[in-house]
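The block underneath contains the structure these notes are about, expressed in structure tokens.
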Amino acid sequence: MFKNKNVLIFNILFAILIIIFDILYIVFQNQPYIFKTIASVLFVMCGIGNFIFIFRQQQRSNLFKYFMLSGLVFACLGDIFLIDFFIVGAILFAIGHIFFFIAYSMLYKINWRDILISLIIFGIALIVILVPTIFDFGNMLVIVLVYAFIISFMLGKSISNIFEKDFKIENLIIFVGSLMFFLSDLMLLFNVFANVSRIFGIICLVFYYPAEFLLAGSIYYSNDRG
């Protein structure tokens, strides 16, 4: 995945740390501010580390890394605020998804395929949100729908980029990270708004932190982009 040995070691170390604190948070969810905050700060630090590695090497300006790092920061803030202020956390996450979408668009310009795939994903999300009777959104429905629209476009763009002619492995890494992020939010939907098993909350965390690590690691690949 990483050509530079130091970068490889750096990312392996952070992957291990993120997984450790992810597991600790799953086990000790009565201490959310400790383990969740540490795990979230760790993926931002991982992104910053990869940013620094390539910033020292690049000759040309590349906006991808700036928008990706911004997305990670807002995801981290969303994590922290989501504990006690759900709406604020959701807004911060939505802003993070917008930054991710813009970052993906720095790799390949927006095209009709992006919009088509994103709308299909949003259509599926609407079915999941509106058809089942197990959800109780209260006055949060509009926020949930807007959020679903934004994350659908983030995932849709990551899928669309895979089909570009100059396919590169980082496109696949970004797609997997985005898909895991999407699935994590889907599990969160069930965990927060439906009276279901706690397993949905656990699956949410199993997907979420590895997703953020993959997105943080993808910053290194902007070194190959013009």
Original post:
Do we find that residue 74 is among the aromatic types (Phe, Trp, Tyr), surrounded by 16 or more Cβ atoms within 10 Å (Cβ to Cβ) and either under 18 Å from the mean Cα position of the chain (by Cα) or more than 23 Å from residue 148 (Cα to Cα) (or both) in this structure?
Top reply: yes
Original post:
What residue, among those in the stretch 82-93 that are under 19 Å from residue 148 (Cα atoms) and of a type outside the set (Val, Ile, Thr), is surrounded by the most Cβ atoms within 10 Å (Cβ to Cβ)?
Top reply: 93
Original post:
Residues in the stretch 93-102: is at least one small (Gly, Ala, Ser), under 18 Å from residue 65 (Cα atoms) and either modelled with pLDDT under 95 or in contact with a Pro (Cβ under 9 Å, 6 or more places away or on another chain) (or both)?
Top reply: no
Original post:
residue 61 is checked against (1) hydroxyl-bearing (Ser, Thr, Tyr); (2) at pLDDT 90 or above; (3) closer than 22 Å to residue 220 by Cα; (4) over 15 Å from the mean Cα position of the chain (by Cα) and fails just one. What number does that condition carry?
Top reply: (2)
Subject >> Selection within the stretch 140-173 - out of contact with any Leu (no Cβ under 7 Å at 6 or more places or on another chain) and β-branched (Val, Ile, Thr) >> reply: 142, 143, 144, 146, 150, 151, 159, 169
Subject >> Enumeration of residues in the stretch 78-109 that are touching a Phe, Trp or Tyr at 6+ places or on another chain (Cβ under 9 Å), more than 24 Å from residue 141 (Cα to Cα) and of a type outside the set (Phe, Trp, Tyr) >> reply: 102, 103, 105, 106, 107
Original post:
Mind checking whether some residue in the stretch 173-193 is surrounded by 16 or more Cβ atoms within 10 Å (Cβ to Cβ), of a type outside the set (Gly, Ala, Ser), in contact (Cβ under 8 Å) with a residue 40 or more places away in the chain and not in a helix (DSSP H, G or I)?
Top reply: no
**OP:** Exactly one condition in (1) β-branched (Val, Ile, Thr); (2) touching an Asp or Glu at 6+ places or on another chain (Cβ under 9 Å); (3) over 17 Å from residue 78 (Cβ atoms) is not met by residue 174; state its number.
**Re:** (2)
Original post:
Quick one: would you say residue 66 is among the hydroxyl-bearing types (Ser, Thr, Tyr) and over 18 Å from the mean Cα position of the chain (by Cα)?
Top reply: no
**OP:** Would you mind stating whether residue 63 is of a type outside the set (D, E, K, R), in contact (Cβ under 8 Å) with a residue 60 or more places away in the chain and under 23 Å from residue 154 (Cβ atoms)?
**Re:** no
**OP:** Might you check whether a residue that is modelled with pLDDT of 95 or more and under 14 Å from the mean Cα position of the chain (by Cα) occurs anywhere in the stretch 131-148?
**Re:** yes
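The values are calculated or read from the model by the stated rules, or taken from the named source; none is laboratory data. Remember, predicted model here, so these are calculated numbers, not experimental data. Note that we place each Cβ from the backbone using ideal geometry, even for glycine, and neighbour counts take in every protein chain shown.
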